[in-house]
Amino acid sequence: MGSAFQLDAQGLQRVLDLLAARGYKTIGPTVAASAIVLGSVASIEDLPRGWSDRQAPGSYKLVRTGSTGFFQYTCGPHPWKRYLTPPEQLLWRSTRHNGKIRSHAPEPAAGPYAFVGMRPCDLRALDILDRVLSEQAYTDPAYSRARDSLFTIVVNCLEPGGTCFCTATGGGTRAVSGFDIALSEVVETDRCVLVAEPGSRAGAEVIAAVCRDPATQEKTERVRRLADQAADRMNSLPDLTKMGPLFQQRFDAPCWQTLEARCLACGNCTMVCPTCFCHTVIDTGSLDGSQAERLRVQDSCFNMAFSYIHGGSVRPSVSSRYRQWFLHKLATWQDQFKTPGCVGCGRCITWCPAGIDLCREALVLAGGEEKRS
């Protein structure tokens, strides 16, 4: 879209200030509850500067590094979808007064949003949600409105996490499209340098308003080299985008029963997944009959009631529900939307309390190695 520019910490603050002045509600990474989570970001002081994390199957640890970097971590437990398709959303409300019933439309969602600090895998997750929720015959109007007004600042990955595997799902450590601004953070001893690349006209306007310093060729080449090295260090896996037919052939494989002994069916993997969109609808009413509401709430295919049809669940066992989730992500989703439903962010591995490793299970199902390299 244009040439790369160089920002320092104060340049990043000017970006935040400009977005706020243009009416955006800025969301980004913050430190809270012993993790890096998403929240309101008004200042660079709100960002997790000097913090990193260590992730492994069923393990997450926040680490104080004291570095000058703002984005020296991988994906936290919060997926960005929570701001575009909230965990709980009012669909309509009706009230009765003096025998008259009135219907009330829900309040418009907060926004527009500016997402600051997305990873390339999370940006790909938005593209997948777009195909499901706004590019089909029946769309989600609330999602589409929030998505259309969204401003995205992605931060390229120059250091892979312990559970990352985006390169096996068709992604990579650098964002190539779909963003307004892409940042690459080069951490030096006494400062950090942000190489900013515009990806849209709106992004170019923001960069031009806050910075006029072109990034040097040495900086841009260093960023590319670091991103390539990060991809090379990522967990080695076969191309999961081509393995859907093989996975479906293993519908009755014994590994599903083995998984049942470990899986708690807690739904953590679906809650932290950036592309899971399953929900249910709940109707509530006041005891005096004066008010009724219909809510859409986030749900999980790991709940037995999720597949309840005509008097019973069609997936009564934990193994059948895990199989449904796994095959949907890596096989049938690709049949329907021409892309896997997994972006390789690794959240489902990190935040599984039983430490189930999706990558290891994929290799077992494919008849490969028992462990990742």
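What is the packing order of peptides 10-22, 154-166, taking the mean over residues of other C-beta atoms within 10 Å and listing the highest first?
In descending order of packing, they fall as 154-166, 10-22.
Specify the inter-centroid distance of the range 14-91 and the range 113-163, based on alpha-carbon positions, in whole Å.
15 Å
Work out from phi, with θ = phi - 60° and the Karplus expression 6.51 cos²θ - 1.76 cosθ + 1.60, the ³J(HN,Hα) of each residue of the range 194-199, listed in order in whole Hz, and give x for Gly and Pro.
Values per residue, Gly and Pro as x: 10, 8, 10, 10, x, x Hz.
Please count, across the chain, the pairs of lysine residues with Cα atoms under 21 Å apart that sit 8 or more places apart or on different chains.
8
When a/c reaches 1.5 or more, the comparison of a/b and b/c decides; with that in mind, is the range 165-209 rounded, prolate or oblate per its Cα gyration tensor?
Oblate, because a/c is 1.5 or more while a/b does not exceed b/c.
Once every Cα of the range 286-327 carries one equal point scatterer and solvent is ignored, give the base-10 log of I(q)/I(0) from the Debye formula at q = 0.21, 0.23, 0.25, 0.26 Å⁻¹, two decimals.
Taking Cα atoms of the range 286-327 as identical point scatterers yields -0.71, -0.77, -0.84, -0.87.
Stretch ASP335-ARG82 to full length: gain in nm at 0.36 nm per residue minus the Cα-Cα span?
Working it through step by step, the gained length comes to 88.5 nm.
Taking amide hydrogens as modeled 1.01 Å from N in the peptide plane, which residues meet the under 5 Å criterion relative to LEU91, leaving out close sequence neighbours?
Residues meeting the amide H criterion: ARG294, LEU295, ARG296.
Only one of the listed values, (i) 62; (ii) 30; (iii) 42, was derived from the coordinates as percent of Cα pairs over 35 Å apart; which label is it?
Structure-derived value, by its label: (ii).
With runs of 4+ DSSP H residues as the only contributors, calculate the mean residue ellipticity of the chain at 222 nm using -39,500 (n - 2.57) per run, divided by the residue total and rounded to the nearest 500.
The helix contribution divided over the chain gives -8000 deg cm²/dmol.
Under 5 Å between amide hydrogens, which residues at least 5 positions from PHE151 or on another chain qualify, with H placed 1.01 Å from N in the peptide plane?
TYR113, ALA114, PHE115
Quick one: putting +1 on the C-beta of Lys and Arg, -1 on the C-beta of Asp and Glu, what dipole do you get for the range 86-141 around its Cα centre, in Debye to the nearest 20?
400 debye
Readers should treat all values here as calculations from the given coordinates under stated rules, not as data from a laboratory. Keep in mind the model is a prediction, meaning the values are calculated, not measured. Ideal geometry is used to build each Cβ from the backbone, glycine not excepted, and the neighbour counts take in all protein chains shown.
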